[in-house]
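Shown next, in C-alpha cells, is the structure this report addresses.
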Amino acid sequence: MKKQLQKGFTLIELMIVVAIIGILASIALPAYQDYTIRAKVSEGSIAASSLKVGVAEIFADQGETGITNYAAEILAAVTAGEIITPKITDVVVSDAAGTMGQITVTMGGIEQLNGVDDLAYTPTIAGLAIGNANATGSIVWTCNTAATTIIDKYLPASCR
C-alpha cells in the first residue's frame, strides 16, 4: 500500500508568513507616506523653478525696478488663480530690500503639513542679496531655511 504524502502549509507556517508581512508593512507604510508627501511638495519646487528664471531675467534687464514689477505681475496672476493649484495656495515674489527676488510658495493644499507649509528660495550674488548695488555676477538660488517652514523630511532634495 502506498503512503500518500500530505501537501500544503501548516497553520504555523502561514502564521509566520503573515507576521513577516505585517512587520514589513509596518516599516514600509510610513516611508511610503513620507515619499508621497515629498512628491506633493515637489510641485512647489517645480513652480518656483520657472519663477526663478523670470526673476533672473527681469533683474538682468531692469534691476530692482524690474523685480518690483515682476512681483506685482505674480501677485496679479495669483489673484486671478493662474498659478494656484490644488496643492499651491499662494506664491509671492519679494520686492523688499534684503529679500529682493525671494520666491515663497505656500503649499496649503497638503493636509499632512498641518499648516506648516512655506517653501522659500532666495537669490544671491557672491553670497549677498541681489540689488542694484550687487548686480554683477551669477545668481545662485538657495532654499532659504529660515523662511521655509516645511519639516525637513518633506522637503525636496534641493532643500535638504
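Set against the 2.2 N^0.38 Å expectation for a compact globular protein, the stretch 74-160 has a Cα radius of gyration ratio of 1.16.
May I ask you to derive the FRET efficiency for A77 and A28 from their Cβ-Cβ distance with R0 = 35 Å, giving the value to the nearest 0.05? Working from the Cβ atoms, E equals 0.30.
Using a cutoff of 8 angstrom between alpha carbon atoms and counting only pairs six or more residues apart, the relative contact order for the stretch 11-159 works out to 21 percent. Ellipticity at 222 nm from helices only: DSSP H runs of n ≥ 4 in the chain, each -39500 (n - 2.57), divided by the residue count, give -16500 deg cm²/dmol. For a distance above 27 Å, tell me the whole-number percent of Cα pairs in the stretch 11-159 that qualify. So the pairs more than 27 Å apart make up 34 percent of the total in the stretch 11-159. Pairs of lysine residues in the chain that meet both criteria, 8 or more places apart or on different chains and Cα atoms under 23 Å apart, total 5.
Values in this text are rule-based calculations from the coordinates and carry no lab data. These numbers come from a predicted model, not from an experiment. Counting neighbours? That spans all protein chains shown, and the Cβs are built from the backbone with ideal geometry, glycine included.
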